[in-house]
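Read through the structure below, which is laid out as structure tokens, and then see the notes.
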Amino acid sequence: MTDGPLKGIRVVDSASLFAGPVIGTMLGDYGADVIKVEQPTGDNLRTLGWEKDGVSLWWALIGRNKRSVTLKLSEPEGAEVMKKLLSTADIYIENFRTGTLERWGLGWDVLHELNPKLIMVRTTGFGQTGPYATRPGFGTLAESMSGYAHINGFPDGPPTLPPFALGDGVAALTGAFAAMMALWYRDQKSGTGQVIDLSIYEPLFWILGPGASVYQQLGIVQGRTGNRAPFTAPRNAYLSKDGVWLGVSASAQSIAERVMRLVGHPEFVDEPWFANHTGRLEHQDELDEPIAAWIAERDADEVVRAFEEVHAAIAPVLSIDQIVKDPQFIARETITEVDHPKLGKLQMQNVIPRLVETPGSIRWPGPELGSSNVAILRDELGLTDEQIAGLIAKGIVAESVDDDPS
């Protein structure tokens, strides 16, 4: 375990649910001091989804490496304490509806004057501008309007939303990248702090590919193609004799040739149309039929070995109970164990990406609500015990046990 490359960087995270908080999680994994500012009732993640012994497993994951402080920001006294905290911060992550922080006296003009070096990541569904700017925004809305749901699913089925926080996750990765660029500009280019206007729908729209170019240049509206891809073939999921689904991709010409020779149909390789993606796409059914038949006659282990021997690309479709036993996941410690004060050994995703010289680490899982109130409000910001007690009495700060994990 190392201190991490971001040791000395302070991040204040007052965002809720996924997109904003995951930015803080990723920065915390690499050593940043991430202070989670929660409403006195706690972040929504504390009561979302799966729980064990009263512990939200979402919170244990996304709250890791963060310290918890409670503040009711809508109250003037809470906003004043927040200003004290943000005057010490390098990065501030928020996802309130556009205009909310301004109403509370915590808008960018105020914060930039208070701390010119502050970088503010504003995460919303639709961004700070445009006709949808003040709408409530969640990942589901981004997945719907970005074009993702329209192209996801089978041709004869409905648009399909993902059963996980895809839009939020893509936005969070983008937001962490943007925060690091802003830090670089501030510290290496003698720059100042700035606002990062991060919508959830735009990063997801970006990774869908050249859909806008395809429509503008060719007039094509991409539809749903199931497990096939609209730009290369063969590519599909095939069922083995022993009931295992296997994902096959032959995007490279050499791989496509190896697959067809392996399944006993080298004659396809000599066809003029086989020499490029366009030709193979026009003959997807002809390619899929012999591949599916060959795989259906063999158990999954035999199929995978055969593909590996000819250096063709294949992988089984794994569920989580298979993932935790998979040798690749085990060898790379893609899943790691963290000591949790209530749950004992807790498995969760390890730190990504892997920096060889300055690796990140998981120092603790999501903390108890307000466990760092005393350590931060009194010891770091200088509030007296009497002032903190007054804030607790007014419901601006939650009463909590002092158990700062750091």
TODO: Return the loop-located chymotrypsin sites (Phe, Trp or Tyr not before Pro) in the stretch 213-309 (DSSP other than H, G, I, E, B) with at most 16 other Cβ atoms within 10 Å of their own Cβ; answer none if there are none.
DONE: Phe231
Task: Portion, in percent, of the accessible area of the stretch 1-144 that falls on carbon or sulfur, probe 1.4 Å - done: 54
TODO: Measure of size requested: the Rg and Dmax of the chain, with Cα atoms as the atom set and Å as the unit; please supply both.
DONE: 25.2, 84
TODO: Bin width 5 Å, alpha-carbon pairs only: give the P(r) of the stretch 38-107 as whole percents, running from 0 to the bin holding the largest distance.
DONE: 3, 13, 21, 24, 16, 12, 7, 2
TODO: Whole number please: convex hull volume per residue, Cα atoms of the stretch 156-280, in Å³.
DONE: 214
- [ ] Can you list which of the GluC sites (Glu not before Pro) found in the stretch 347-403 are DSSP loop residues with at most 12 other C-beta atoms within 10 Å?
- [x] Glu357
TODO: Specify the inter-centroid distance of the stretch 240-283 and the stretch 147-192, based on alpha-carbon positions, in whole Å.
DONE: 32
Open item on the list: Compute the orientation-averaged projected area for the stretch 1-130 from the convex hull of its Cα atoms and round it to one decimal in nm².
Closed with: 8.6
Task: Rg/Rg_globular for the stretch 139-193, with Rg_globular taken as 2.2 N^0.38 Å and Rg from C-alpha atoms - done: 1.68
- [ ] Using the heavy atoms of the protein chains and a 1.4 angstrom probe, tell me the accessible area per residue for the chain in square angstrom.
- [x] 51
- [ ] Enumerate the calculated ³J(HN,Hα) couplings along the stretch 92-109 in order (Karplus 6.51 cos²θ - 1.76 cosθ + 1.60, θ = phi - 60°), each rounded to whole Hz, writing x wherever the residue is Gly or Pro.
- [x] 10, 10, 9, 9, 5, 4, 3, x, 5, 4, 4, 5, 8, x, 10, x, 4, 4
Task: Rotationally averaged projected area of the stretch 72-226 (alpha carbon convex hull; nm²) - done: 11.4
Open item on the list: Over the Cα atoms, compute the radius of gyration (one decimal) and Dmax (the largest Cα-Cα distance, rounded to a whole number) for the stretch 294-339, in Å.
Closed with: 13.6, 47
Task: Rel. contact order, % - alpha carbon contacts under 8 angstrom, at least six apart, the stretch 18-84 - done: 36
- [ ] Would you mind checking Lys7/Lys342; Lys7/Lys83; Lys36/Lys342; Lys66/Lys342; Lys83/Lys394; Lys84/Lys345 for any pair whose Cα atoms are more than 25 angstrom apart?
- [x] Lys7/Lys342; Lys84/Lys345
Task: For Glu38, residues with placed amide H under 5 Å, excluding near neighbours - done: Val69, Thr70, Leu71
Open item on the list: Under the √(5λ) rule applied to the eigenvalues of the Cα gyration tensor, what semi-axes describe the equivalent ellipsoid of the stretch 344-406? Give them in Å, descending.
Closed with: 33, 14, 9
Task: With eigenvalues of the C-alpha gyration tensor scaled by 5 and rooted, the stretch 212-270, Å - done: 27, 17, 8
Open item on the list: Amide H of Val195 versus every other amide H placed in the peptide plane: which residues, excluding those fewer than 5 positions away on the same chain, fall under 5 Å?
Closed with: Met120
TODO: Taking each pair of different alpha-carbon atoms in the stretch 248-406 once, compute 1/r for the pair, average those values, and report the inverse of that mean as the Kirkwood hydrodynamic radius in Å to one decimal.
DONE: 21.4
Task: Loop-resident sites, the stretch 38-137, for GluC sites (Glu not before Pro), counting at most 13 other Cβ within 10 Å (DSSP) - done: none
Open item on the list: For the chain, take the longest principal axis of its alpha carbons; what is the angle in degrees between that and the long axis of helix 76-86, to the nearest 10 within 0 to 90?
Closed with: 70
Open item on the list: What's the longest uninterrupted piece of the chain once you rule out the trypsin sites (Lys or Arg not before Pro) that are loop residues per DSSP with at most 11 other Cβ within 10 Å?
Closed with: 1-188
Open item on the list: Can you tell me the orientation of helix 19-29 relative to the chain, as the angle in degrees between its alpha-carbon axis and the longest Cα principal axis, to the nearest 10?
Closed with: 80
Task: Share of carbon and sulfur in the accessible heavy-atom surface of the stretch 229-306 [1.4 Å probe, %] - done: 50
TODO: Could you run the Karplus curve 6.51 cos²θ - 1.76 cosθ + 1.60 with θ = phi - 60° over the stretch 118-127 and give me ³J(HN,Hα) per residue in whole Hz, x for Gly and Pro?
DONE: 5, 9, 10, 9, 9, 9, 9, x, 10, x
TODO: Quick one: Debye curve from the alpha-carbon atoms of the stretch 136-230 only, equal weights, vacuum; give me log10 I(q)/I(0) at q = 0.15, 0.18, 0.20 Å⁻¹ to two decimals.
DONE: -0.69, -0.87, -0.98
Open item on the list: Net charge within 14 Å of Lys66 by Cβ-Cβ distance, Lys/Arg positive one each and Asp/Glu negative one each, not counting Lys66 itself?
Closed with: -2
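The values are calculated or read from the model by the stated rules, or taken from the named source; none is laboratory data. Fair warning: this is a prediction, and the values are worked out from it, not measured in the lab. Using ideal geometry, Cβ is built from the backbone for each residue, glycine included, and neighbour counts are taken over all protein chains shown. Surface areas here come from the heavy atoms of the whole protein model, side chains and all, with no ligands, DNA or RNA. Shrake-Rupley method; radii C 1.70, N 1.55, O 1.52, S 1.80 Å.
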